[in-house]
Amino acid sequence: MIILVDQDDVLNSYNEEFNKIWKAICPPEVYIPSSRQRNFNFTLDYPESFRPAMRDIYTAPGFVLNLPPIEKGIEAVKEMVSMGLTVYICTAPLLDYENCVLEKYQWVERHLGREYIGRLVLTRDKTLVQGDFLIDDNPEIRGSAQPRWEQIVFDQPHNQHSKVTKRMFDWNDWKKLIGV
């Protein structure tokens, strides 16, 4: 069985960390707490005039590298591998890739170990990656192919509106959802 696991907001706390920084500089009357964000791309919840300042945060050196892991995610991935499942971290890098790509690799090495670097798949089109399951916080993955995987949506405030067949509320649910 092949399990594809997204990195941002599935293994690490991308939006939560962004919001901590953003709240400190955003005008209070404009700030939207993560619990009220409605878009996977959280910048779309704000007026376009704020997007350059937001971009400066999530493209800054060290932002991706220093994202804290989501509770029990690292342990779950390691357990999957120890059970003989094939696991890939399938993540979409930013188009402003200068820090993002390198730091995604460094984050995996820091939290999972160097041996997991070979399990990292960077792609803007996850429909091209073969697997049995994709665990991802984006409820509307689109691409150029019909995916072979079944998606499990990792619960986040920005995907609450989505009607999905499988939702993972935390990493305690993974075995039940993939049927092992």
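The values are calculated or read from the model by the stated rules, or taken from the named source; none is laboratory data. Keep in mind that what you see is a predicted model, and the values were worked out from it rather than measured. All Cβ positions, glycine included, derive from the backbone under ideal geometry; neighbour counts span all protein chains shown. Surface accessibility is based on the protein's heavy atoms, side chains included, excluding ligands, DNA and RNA. Shrake-Rupley method; radii C 1.70, N 1.55, O 1.52, S 1.80 Å.
Results, tabulated for the structure shown:
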| quantity | calculated |
| --- | --- |
| Taking the chain and dividing mean pair separation by its residue count, relative contact order in percent (alpha carbons under 8 Å, at least six apart) | 28 percent |
| Computed [θ] at 222 nm, deg cm²/dmol, the chain (DSSP H ≥ 4; -39,500 (n - 2.57); rounded to nearest 500) | -8500 deg cm²/dmol |
| Whole-angstrom gap from segment 144-162 to segment 96-138, using each part's C-alpha centre | 16 Å |
| Computed log₁₀ I(q)/I(0) - Debye formula, equal Cα scatterers, no solvent, segment 122-179, q 0.14 Å⁻¹ | -0.38 |
| Heavy-atom accessible surface of segment 11-121: percent carbon and sulfur, 1.4 Å | 53 percent |
| Cross-link pairs 20/104; 72/163; 78/163; 23/175; 78/166 - those with Cα-Cα distance over 27 Å | 78/163; 23/175 |
| Cleavage-rule hits, GluC sites (Glu not before Pro), segment 28-126, DSSP coil, Cβ neighbours within 10 Å at most 15 | 29, 71 |
| The chain: angle of helix 73-82 to the longest principal axis, Cα-based, in degrees nearest 10 | 20 degrees |
| Under DSSP loop assignment and at most 15 Cβ neighbours within 10 Å, longest chymotrypsin sites (Phe, Trp or Tyr not before Pro)-free interval of the chain | 32-168 |
| Accessible surface, 1.4 Å probe, highest first, among residues 165, 59 | 165, 59 |
